[in-house]
Structure formats: structure tokens, C-alpha cells
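Accompanying notes for the structure given below.
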Amino acid sequence: SGIWNWETTDISDNYFSIVAPAVSVVPAVSVDSSTPASQDLTAGQTNVIFAKIKLTNNANTDISNIDNIQVAATALNGTSLPNFLTNIKIYDGNTQIGNTQTVLSPYGNNIYYTLVNNRASIPANSSKILTLIADIKLNIPSDSIKFGIMGFNFKNPNSYAPVPVAYGNYMKITAPTDTTPLSVKIIYPNGGSFVAGNNLAVSWSRSGNVP
């Protein structure tokens, strides 16, 4: 009789094989020189190119397991971005690499952009340039915003890797101007006879683009 120590006793004749866990290769992220310069935009513009971001694979193995890309935006004057941008898309050349996202996360100024069919694959020791595109909603305040990439989700193995955010340049967005013609309506008096030279109280309302 006695105590059997299962942790230190080995009664087999075979070696144990210890395998290190699989680790995903994280691409380096930087703003490409072709990214658009700062410019003036207007509310309601569609398919606006906000940034061109370079992903570089410095490893000797291909990157083929990126499941989605975390993109983020920031506003110079603190505008609530989930109510600012819509129809967010990422392109590799002329090919859209994931589904169009209609809104940024309601819990923060970012989204996870889900890819389709490993379209963000990067061969060993090479790079690719991704184009970040979005529509600007119509009824928004004036502000300046920039858009970029802040992380990746991988599959096989499942993991998340943040990266230093690579933003494009700030884009100045101007709120829409009311172009309705100025209109003035007399409310009181509504007709009648009055003596010339006497003071008269007048009530009126106005609408349209009033300076």
C-alpha cells in the first residue's frame, strides 16, 4: 500500500511530445503614401476614400487566417461617430474583401469588419494596400474625422491582436445648409381697416434659410 504520485511517475516506455501552441503572424500596419490628403467633404457624400493602409507580412510564412479587421474612426470635435458614417467597406485593389457594414459599433467608434473567403491573405515577405471607404450620413454636425485600422481577429487559432492605429488624414465634413427660400408670413393683423399714422402691433413668422 502507499500513495501513487500521478504527477511524477511515468510507467510508459515512450517519450512525450510537447508541441508549442500555434501563433498567428500579425501584419505590420502603416499609412500608405497614396492615402488621400485632408480635404473638405459635405454631408451626404458617398463612397468617400478615407484612408489607404498598407499591411506588411515580414514573416517567411503566408498570412491566410485573418477572420476580420477592426477599423476605427475618431472625430476632432467629439462627434458621436456611430451616427456619422455608414456603408463602411474595405477594398483590396478593385475587390471588396468583406461585407458592407452599415454602422459603427454603438459601444465605441469602431467595428469588426468581417472578411470573406480569406481575401486579406498576405503572402510571405510581401505587402498589400487596403482602401477604407464609407458614406457620410446626411443629417450630421460639422466636424473633422479620420479612419484607420486598429487590430485583427484570427481563426485557427482563434486570437485577437491589436496594432498601433494607422489612421488616414482628417477629413473636414460640413453639415448641410438649409437651401429653402426665406419666407415671411404675417399672422396678425389678418385683414381689416386701420388709421394711417397709428402704431400697429404685427405678429409674423419666418422659415427657410434665415441669415
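The values are calculated or read from the model by the stated rules, or taken from the named source; none is laboratory data. What you see is a predicted model; the values in this text were computed from it and never measured. Here the Cβ positions follow ideal geometry from the backbone for every residue, glycine too, while neighbour counts run over all protein chains shown. Keep in mind that these areas ignore ligands, DNA and RNA; they rest on the heavy atoms of the full protein, side chains included. Shrake-Rupley method; radii C 1.70, N 1.55, O 1.52, S 1.80 Å.
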- Task: Could you estimate the translational diffusion coefficient of the range 131-180 from the Stokes-Einstein equation, with Rh from the Kirkwood formula over C-alpha pairs, at 4 °C and 1.567 mPa s, in whole µm²/s?
- Result: 94 µm²/s
- Note on the structure: In the range 104-170, the chymotrypsin sites (Phe, Trp or Tyr not before Pro) that sit in a DSSP loop and have at most 10 other Cβ atoms within 10 Å of their own Cβ are Y107
- Task: Restricting things to alpha carbons, tell me how big the range 43-102 is in terms of Rg and Dmax, in Å.
- Result: 14.4, 45
- Query: On the accessible surface of the range 64-167, probed at 1.4 Å, how many percent belong to carbon and sulfur atoms?
  - Reply: 46 percent
- What one gets for the range 32-132 as the Kirkwood radius, inverse of mean 1/r over different Cα pairs in Å, is 14.8 Å
- Query: If you stretched the chain out fully between L41 and V116, how much longer would it get, using 0.36 nm times the residue separation minus the C-alpha to C-alpha distance?
  - Reply: 24.0 nm
